[in-house]
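The values are calculated or read from the model by the stated rules, or taken from the named source; none is laboratory data. What you see is a predicted model; the values in this text were computed from it and never measured. Here the Cβ is made from the backbone with ideal geometry for all residues, glycine too, and neighbour counts use every protein chain on show.
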């Protein structure tokens, strides 16, 4: 394989990791979130927190929906294809209906692959 093929191979621009999910009895593969997906997730969470017109319940539901979309973008199969389609309402409804702490731990493992500092904005200002 030449350098061009390596660089353009599926998921070559992402760190990936296999994670054991004991509760499910399987290993899953996650990739780090695309920066635009991660940014959209963070902005959605910030907007929900700041919206004084929403109830806490509505904020919680909005947070779960935002995280489900991120989850759909980071969980991949052995071929490197996403298992869920964030544009497919049925996929998203199925995930939302069963979403729980295990899913959140999987998302967190994916976010760890980005290798952010505790406060990346403050770190950037120091430099």
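So the values come out like this:
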{"read-out": "Selection status of residue 90, in a helix (DSSP H, G or I) and either at pLDDT below 95 or exposed (fewer than 12 other Cβ atoms within 10 Å of the Cβ) (or both)", "value": "yes"}
{"read-out": "Filter result for residue 96 (in contact with a helix residue (DSSP H, G or I) (Cβ under 8 Å, 6 or more places away or on another chain), on the phi < 0 side of the Ramachandran plot and without any contact (Cβ under 8 Å) to a residue 40 or more places away in the chain)", "value": "yes"}
{"read-out": "Failed item, numbered, when residue 38 is tested on (1) modelled with pLDDT under 95; (2) surrounded by fewer than 17 Cβ atoms within 10 Å (Cβ to Cβ); (3) in a helix (DSSP H, G or I)", "value": "(2)"}
{"read-out": "Neighbours by Cβ (under 9 Å, 6+ apart or cross-chain): first from segment 101-117, loosely packed, with under 12 Cβ neighbours inside 10 Å; second not in a helix (DSSP H, G or I)", "value": "115/15; 115/32"}
{"read-out": "Hits in segment 6-26 - residues which are farther than 17 Å from residue 112 by Cα and without any contact (Cβ under 8 Å) to a residue 24 or more places away in the chain", "value": "6, 7, 8, 9, 12, 22, 25, 26"}
{"read-out": "Failed item in (1) within 30 Å of residue 3 (Cβ to Cβ); (2) part of a helix (DSSP H, G or I); (3) at pLDDT 95 or above, with residue 29 passing the rest", "value": "(2)"}
{"read-out": "Residue among 45, 19, 7 that is assigned to a helix (DSSP H, G or I) and touching a helix residue (DSSP H, G or I) at 6+ places or on another chain (Cβ under 8 Å)", "value": "45"}
{"read-out": "Qualifying residue in segment 73-80 (condition: surrounded by 13 or more Cβ atoms within 10 Å (Cβ to Cβ), modelled with pLDDT of 95 or more, in a helix (DSSP H, G or I) and in contact with a strand residue (DSSP E or B) (Cβ under 9 Å, 6 or more places away or on another chain))", "value": "yes"}
{"read-out": "Index of the failed condition, residue 61 passing every other in (1) outside any helix (DSSP H, G or I); (2) closer than 19 Å to residue 101 by Cβ; (3) in contact with a helix residue (DSSP H, G or I) (Cβ under 9 Å, 6 or more places away or on another chain)", "value": "(1)"}
